[in-house]
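Student: Handing you this structure, nothing more for now.
The values are calculated or read from the model by the stated rules, or taken from the named source; none is laboratory data. Fair warning: this is a prediction, and the values are worked out from it, not measured in the lab. Here Cβ is always computed from backbone atoms with ideal geometry, including for glycine, and neighbour counts include all displayed protein chains. For accessibility, only protein heavy atoms count, side chains too; no ligands or nucleic acids. Shrake-Rupley method; radii C 1.70, N 1.55, O 1.52, S 1.80 Å.
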Amino acid sequence: MSTAATAPGRRVSLKTQNRVRRTTTGIIARAILIAVSLLFLVPLYWMVITAMKTDEELADFPPSLLPQSWNWSIFGEAVNAFPFWLQFGNSLLVTVLGTVLAVLSSYVVAYGFACIDWPGRDKVFYLVLATIFIPFPVAIIPLFDLFAWLGWVNTLLPLIVPNALGSAFYIFLLRQFLLQASVEAMDAARVDGASEWRICWQVVFPTARGALIAVAIFAAVASWNDFLGPLIYLQDPSVQTLAIGLQSFSTETDTSFNQLMAASTLTVLPMVVLFIFFQRYFVKGLNVGGFR
Amino acid sequence: MSRVLRAAGLALAVAVTAAAVGCAPARQPDEIVVWTKEIGTDQLAQQQAMLDAFEADHPGVTTRLVPVATRSDADATALITAVRGGTGPDVFVADRFTTNQFASLGLLQSLQPRVDAEGPGFTDGYLPFALDEATYQGELYGLPWHTDTRGLFYNKEVLRDAGVDPAVMDPENGPLTIAELREIADQITVTDDSGNYERMGFVPWDQQAWPFTWGQILGANYFDEQTCTIDVDDPGFRGIYELYQEWAADLDYTKTDAFMATYAPETAPEGTSPFYSGRIGMQIVYSGFAPNIEKYAPDLDWGVTYPPVLDEGDDPITWSGGPAWTIPTGATNADGGWELAKYMTGEEGQREWSSTQQFLPTQASLLDDPTVIGDDAEFFAQLLLDGYSSSRPPLPVGSELWETMNTGREAVLLGDSTPEEVMQEIERRIQPQLDPYCPITLTQRE
Amino acid sequence: MTTTVTGLADPAELPGPAGGVRPGGRRRYTARQRRNLRLGLLFISPWILGFLVLVAYPLVYSLGISLFNHTGFRTPEWVGLGNYSRLVQDPLVAISSANTLFYAALAVPIGLVVAVVLALAMNRKVPEVGLYRTALYLPSLVPVFALSFIFIVFVNPSFGLLNQFLALFGVPETNLLGDPTSAKLIIVTMAQLGAGNAALIFLAGLNNIPDSLYEAATVDGAGTLRQFFSITLPLLSPSILFNLVTGVSGALQVFTQAYIVTGGGPNNGTLFYMFHLYNSAFSYAQLGYASALAVVLFGVGMVLALIIYGLSRRFVNYDVTG
């Protein structure tokens, strides 16, 4: 590195200069950070505020920035206005099962791409990468016909089962992580006569926790937020997920905005809680596994 | 096997079983599954009550009412996907206007064999226009349920405030001409200091003032049966957009749109209306608006008359919609569905339905029955009896034509297209979709 | 000293367990290789099945039924390339393609810039960085359908906040969803709230740039801007490539927001390609025609991805000497 040879005198003055520059940029940076953070939170703030306004206050113009009184009962009203808990349960079922299947299957496939050295492996992996970019909707009609043929329409199966076939993006993330798994530990286990399957789950799996959690959060958010799938597959309100429940609720004539926003708030909440709990794994898992 | 592995296996097993068991609602043999697009709270309760009564009359039969909320009338996603998936209902309470579209796709069963089996005169009680609307290629695909019709509502206080004698609006004096309506509207309209509208007399794209409404008024013809083409050269058809273009320029579309978005948002809560609050003086609205006014603004001094006409002395003209009871392809219990549809749309069923709801019956005998037709509805029932009302053209592409016409309105209002361009757009969009169904025979019962 | 910064384009370069494919075509595999081949295929079998069922079959099936007039309820009728010639003439295809291109041309580049800015913000070495990360990422967790409802309220002239805010700058009260262009811009804006996901990928990329590079640059007297353009950006290029391609692919599929917020209006101003495809397939049951639309979308998506990859060979930086 050529820079090591700089004169000592110059370095001192540079340091002082840098300190001054750092404090000013620090203040400006913080101001920008706070402003941008607030900007990103404004729509969410407006959701909660609108939810808590009474019907009368909603009709006021211009709208108030804070509700005159906090109308907590709105959440009860919203939940009773449509089969909220039933559909919440459906969303939860799809999300939990879909996430478990997506994580496990993607992990197994990623292991196959990272930890077993087989001829042609990297060429096949190119194909995996290519499929990340295929616009999914291309498949909606054929898949609908397939699932209709299987008799799965109006059930949650079309939203859950495809997760068991791995997802290219998660496979990619996990593979990147697994490439750094300890080859020694694996080889030692192989020498001991452990099967590859056993190594996969007992030796490598426990070390991949951070990346697995990151992928799990991605998968959970994707399942919880899916709209087009439920829109096509679920017709009966008793099997619909919140995505469609909220949409139907909003098209009913006697739906008020505060109720809609209250129901939206309750829909958003589980994802927020999930994120806050697992935040540290999230960024870390990506860091270690992701784009090195 | 490791614990992780066992846990994974367990999770998988739970996944598949839970998902399989937890969803598809099981069917009983004598169950009649009813999908309805009449999803208001009161309407659902009343439909359920009538289904319960039907069950009581038919021991062993059970019914299940499923509300189906859709984005628009023409959006058939739920029915299309369910029928394809083999999980469709036995009866679908559809918008009557869409029966042609659904029937032409093969989504519905023809009811004609069942009608014929019932013997002659079975359909005589229904209003002819409603039967026509549910008829495709000469065969009936739906039993008409209720209907509505459109009138021009006016707020008498607003008229007086603007110095207009509400008596000029009285239906006794026959319909207003469009020119008269505009003159009164201009008198009502109030602008604030910065030029924004504070009150408007009449907005020609508000509420039920659809392109089709104006088309009726202008005597438009949409479809040429001889050539099986969309009649885009018809002067009345084109006239809709010329009227919109000129009127929107007169009112200043952007200003009017801001006024509408502020005081009459599409998403306004139930029970509020710019008409109640006196922001808009006159509106073309469907008949169910009358009981709503009584409910939400009982003190309002209002009246209703015919929609405007083109020339002095023209007969009143308006149009009506409403649902029909249809039986989808592949229904597991089509016979049960038919019995239920007969019961619900028959004279007794409609009597009970219409007297509890703000709708008009399509059973002609009920239209002059004061126990069914309240004071609010008398004017509208008379419109139907006098034959002043018809339906939208029942075509396989009817709802797409309807939507394309409405989009054309937006294009003209926004100044993005000329009426000429809209007509070309309608032809380019609709004709190729119509072609596979040609020739088309429209039925017109007397 | 060579640091390998790997991205997508070249997995063969990734450091992995010894081996890989040697050039030179066919050769006999050793027993161990054969065993590994069996094992490897076994492990990736879920993906193979997924590829067959979720990718290969849909493509073949779509191509097939795009040649028929097919409602799904009657016997399909052979029309050859009829659906494709109708597609060319369909005014809604032209409109929806233009809308989608408009959306992609704005949302993708803006999205990349916003995501880089967010990533830099999330990467600040300040004690409260966790708060910023949470605030900036939260909107990405909000389901698009819920965000759509929020935006309906947010931009409504009577009870929304946006008009109030714009009024401060003298913008007259307007219905922003009432004009085709502003409605599209609203949807572009909505998309930026979801930039958190792309930002996370940039963040991971940033964390992998060795600090020594910046130290060296500082000693050399390079300013913050200079460092950003000559170190940060080039070393982020693999992440940029990834986000660019997924961004374009996502933009081609934009649907939910328009479905809920504007229903495709006004004047088809937010009728995106995917929305038109959905309408054709599920509102009007024209499965053959919709499949033709899908095949074209697939083709366009693949061509765009290839173009981006082609260009990226010039700009994406995988190795850096520091």
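Student: Does the range B:224-272 hold any residues that are away from every other protein chain (no Cβ under 14 Å), part of a loop (DSSP other than H, G, I, E, B) and in contact with a Leu (Cβ under 9 Å, 6 or more places away or on another chain), and which are they?
Tutor: Answer for the range B:224-272, where residues must be away from every other protein chain (no Cβ under 14 Å), part of a loop (DSSP other than H, G, I, E, B) and in contact with a Leu (Cβ under 9 Å, 6 or more places away or on another chain): B:GLU225, B:CYS228.
Student: Just to check your reading of the model, which residue among A:LEU93, A:LEU65 is open to solvent by 30 Å² or more (accessible area, probe 1.4 Å) and at the interface with another protein chain (Cβ under 7 Å from one of its Cβ atoms)?
Tutor: Details: A:LEU65 fails: at the interface with another protein chain (Cβ under 7 Å from one of its Cβ atoms).
Unique residue meeting the criteria: A:LEU93.
Residues checked against (1) open to solvent by less than 30 Å² (accessible area, probe 1.4 Å); (2) within 30 Å of B:ASP250 (Cβ to Cβ); (3) facing another protein chain (nearest Cβ under 8 Å):
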residue	(1), (2), (3)
B:TRP402	no, yes, no
B:ASN406	yes, yes, no
B:VAL412	yes, yes, no
B:GLY415	no, yes, no
B:VAL422	yes, yes, no
B:ILE430	yes, yes, no
B:ASP435	no, no, no
B:ILE440	yes, no, no
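Student: For B:GLY174, which of the numbered conditions (1) modelled with pLDDT under 95; (2) farther than 19 Å from B:ILE217 by Cα fails to hold?
Tutor: Tallying (1) modelled with pLDDT under 95; (2) farther than 19 Å from B:ILE217 by Cα, B:GLY174 fails exactly one: (2).
Student: Could you list, in sequence order, all residues of the range B:140-163 that are over 17 Å from B:THR345 (Cβ atoms) and not aliphatic (A, V, I, L, M)?
Tutor: The first filter runs over the range B:140-163 and keeps only residues over 17 Å from B:THR345 (Cβ atoms), leaving B:149-163.
Within the range B:140-163, B:THR149, B:ARG150, B:GLY151, B:PHE153, B:TYR154, B:ASN155, B:LYS156, B:GLU157, B:ARG160, B:ASP161, B:GLY163 meet the criteria.
Student: Could you tell me whether the range B:180-192 includes any residue that is part of a strand (DSSP E or B) and either modelled with pLDDT under 95 or over 16 Å from B:VAL422 (Cα atoms) (or both)? First the steps, then the outcome.
Tutor: Step one: list which residues in the range B:180-192 are part of a strand (DSSP E or B), which gives B:190-191.
Now restrict to residues that are either modelled with pLDDT under 95 or over 16 Å from B:VAL422 (Cα atoms) (or both): B:190-191.
Checking the range B:180-192: at least one residue is part of a strand (DSSP E or B) and either modelled with pLDDT under 95 or over 16 Å from B:VAL422 (Cα atoms) (or both).
Student: How many residues are more than 23 Å from the chain's Cα centre (by Cα) and in contact (Cβ under 8 Å) with a residue 12 or more places away in the chain if we restrict to the range B:281-300? Walk me through it before giving the result.
Tutor: First, the residues of the range B:281-300 that are more than 23 Å from the chain's Cα centre (by Cα): B:281, B:297-300.
Filter once more, so that each one left must be in contact (Cβ under 8 Å) with a residue 12 or more places away in the chain: B:281, B:297, B:300.
Qualifying residue count for the region: 3.
Student: Inside the range C:141-162, can you point out the residues that are in a helix (DSSP H, G or I), open to solvent by less than 10 Å² (accessible area, probe 1.4 Å) and without any contact (Cβ under 8 Å) to a residue 60 or more places away in the chain?
Tutor: C:LEU141, C:ALA146, C:ILE150, C:VAL153 - these are the residues of the range C:141-162 that are in a helix (DSSP H, G or I), open to solvent by less than 10 Å² (accessible area, probe 1.4 Å) and without any contact (Cβ under 8 Å) to a residue 60 or more places away in the chain.
Student: Return a yes/no flag: does the range C:270-293 have any residue that is within 20 Å of A:ILE132 (Cβ to Cβ), in contact (Cβ under 8 Å) with a residue 24 or more places away in the chain and not hydroxyl-bearing (Ser, Thr, Tyr).
Tutor: Looking through the range C:270-293, at least one residue is within 20 Å of A:ILE132 (Cβ to Cβ), in contact (Cβ under 8 Å) with a residue 24 or more places away in the chain and not hydroxyl-bearing (Ser, Thr, Tyr).
Student: Every residue in the range B:90-130 that is out of contact with any Ser or Thr (no Cβ under 9 Å at 6 or more places or on another chain) and within 14 Å of another protein chain (Cβ to nearest Cβ), please.
Tutor: B:SER110
Student: Now, a different point. I want to confirm something. Restricting to the range C:268-293 and keeping residues that are facing another protein chain (nearest Cβ under 7 Å) and not in a helix (DSSP H, G or I), which single residue is modelled with the highest pLDDT?
Tutor: In the first step, residues of the range C:268-293 are kept if they are facing another protein chain (nearest Cβ under 7 Å); the result is C:268, C:274, C:277, C:281-285, C:287, C:290-291.
Next, from what is left, pick out any that are not in a helix (DSSP H, G or I): C:268, C:284-285.
Values: C:ASN268: 90, C:TYR284: 85, C:ALA285: 86.
Ranking the candidates gives C:ASN268 first.
Student: Another one. Can you pull out the residues in the range C:215-234 that are more than 10 Å from chain A (Cβ to nearest Cβ) and closer than 20 Å to C:ALA119 by Cβ?
Tutor: Step one: of the range C:215-234, the residues more than 10 Å from chain A (Cβ to nearest Cβ) are C:222, C:225-234.
If the condition is that a residue be more than 10 Å from chain A (Cβ to nearest Cβ) and closer than 20 Å to C:ALA119 by Cβ, then C:LEU225, C:ARG226, C:GLN227, C:PHE228, C:PHE229, C:SER230, C:ILE231, C:THR232, C:LEU233, C:PRO234 are the ones that fit.
Student: Find all pairs meeting these conditions: Cβ atoms under 8 angstrom apart; at least six residues apart or on different chains; first residue within the range B:101-121 and more than 15 Å from B:GLY138 (Cβ to Cβ); second residue of a type in the set (Lys, Arg) and at pLDDT below 90.
Tutor: Close Cβ pairs satisfying both conditions: B:LEU105/C:ARG74; B:GLY106/C:ARG74.
Student: Going by what's in this entry, would B:GLU198 be described as surrounded by fewer than 19 Cβ atoms within 10 Å (Cβ to Cβ) and farther than 15 Å from B:PHE153 by Cα? Working first, answer last.
Tutor: Details: surrounded by fewer than 19 Cβ atoms within 10 Å (Cβ to Cβ): yes; farther than 15 Å from B:PHE153 by Cα: yes.
It is true that B:GLU198 is surrounded by fewer than 19 Cβ atoms within 10 Å (Cβ to Cβ) and farther than 15 Å from B:PHE153 by Cα.
Student: Considering only the range C:194-237, state which residues are of a type in the set (S, T, N, Q), exposed (fewer than 15 other Cβ atoms within 10 Å of the Cβ) and over 30 Å from the mean Cα position of the chain (by Cα).
Tutor: C:SER212
Student: Please specify each residue of the range A:128-148 satisfying the condition of being over 20 Å from C:SER283 (Cα atoms) and either modelled with pLDDT under 90 or not assigned by TED's automatic domain parsing to the domain that holds A:PRO162 (or both). Don't jump to the end; show me each part of the working.
Tutor: Residues of the range A:128-148 that are over 20 Å from C:SER283 (Cα atoms), as a first pass: A:128-135.
Correct list: A:LEU129, A:ALA130, A:THR131, A:ILE132, A:PHE133, A:ILE134, A:PRO135.
Student: Is it true that A:ASN154 is buried (at least 23 other Cβ atoms within 10 Å of the Cβ) and in a loop (DSSP other than H, G, I, E, B)?
Tutor: On the way: buried (at least 23 other Cβ atoms within 10 Å of the Cβ): yes; in a loop (DSSP other than H, G, I, E, B): yes.
Yes, satisfied.
Residue-by-condition table, conditions (1) open to solvent by 40 Å² or more (accessible area, probe 1.4 Å); (2) over 20 Å from B:ILE284 (Cα atoms); (3) among the polar types (S, T, N, Q); (4) touching a Cys at 6+ places or on another chain (Cβ under 6 Å):
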position: B:PHE122; (1), (2), (3), (4): yes, yes, no, no
position: B:ALA134; (1), (2), (3), (4): no, yes, no, no
position: B:GLY151; (1), (2), (3), (4): no, no, no, no
position: B:VAL168; (1), (2), (3), (4): yes, no, no, no
position: B:ASN173; (1), (2), (3), (4): yes, no, yes, no
position: B:ALA185; (1), (2), (3), (4): no, no, no, no
position: B:ASP192; (1), (2), (3), (4): yes, yes, no, no
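Student: Given B:MET423, B:MET405, which one is in contact (Cβ under 8 Å) with a residue 60 or more places away in the chain and under 22 Å from B:ALA94 (Cα atoms)? Don't jump to the end; show me each part of the working.
Tutor: On the way: B:MET423 fails: under 22 Å from B:ALA94 (Cα atoms).
Among B:MET423, B:MET405, only B:MET405 is in contact (Cβ under 8 Å) with a residue 60 or more places away in the chain and under 22 Å from B:ALA94 (Cα atoms).
Student: Another question, then. For A:VAL191, are the conditions met, namely being open to solvent by 30 Å² or more (accessible area, probe 1.4 Å) and more than 10 Å from every other protein chain (Cβ to nearest Cβ)?
Tutor: Details: open to solvent by 30 Å² or more (accessible area, probe 1.4 Å): yes; more than 10 Å from every other protein chain (Cβ to nearest Cβ): yes.
So A:VAL191 passes the test.
Yes/no matrix, rows are residues, columns are (1) facing chain B (nearest Cβ under 8 Å); (2) touching a residue at least 12 places away in the same chain (Cβ under 8 Å); (3) crowded, with 21+ Cβ neighbours inside 10 Å:
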position: A:ASN163; (1), (2), (3): no, yes, yes
position: A:GLY166; (1), (2), (3): no, yes, yes
position: A:LEU174; (1), (2), (3): no, yes, yes
position: A:VAL183; (1), (2), (3): no, no, no
position: A:TYR233; (1), (2), (3): yes, yes, yes
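Student: Sort through B:ALA94, B:ALA78 and tell me the only one that's of a type in the set (Gly, Ala, Ser), crowded, with 23+ Cβ neighbours inside 10 Å and touching a Lys or Arg at 6+ places or on another chain (Cβ under 8 Å).
Tutor: Numbers: B:ALA78 fails: touching a Lys or Arg at 6+ places or on another chain (Cβ under 8 Å).
The conditions single out B:ALA94.
Residues checked against (1) within 10 Å of another protein chain (Cβ to nearest Cβ); (2) in contact with a Pro (Cβ under 6 Å, 6 or more places away or on another chain); (3) aromatic (Phe, Trp, Tyr):
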| site | (1), (2), (3) |
| --- | --- |
| C:ILE95 | yes, no, no |
| C:PHE102 | no, no, yes |
| C:ALA119 | no, no, no |
| C:VAL155 | yes, no, no |
| C:LEU161 | yes, no, no |
| C:LEU166 | no, no, no |
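Student: In the set B:ASP30, B:ASP57, which member is farther than 30 Å from C:HIS70 by Cβ, away from chain A (no Cβ under 14 Å) and either open to solvent by less than 50 Å² (accessible area, probe 1.4 Å) or at pLDDT below 90 (or both)?
Tutor: After ruling out the rest, the residue left standing is B:ASP30.
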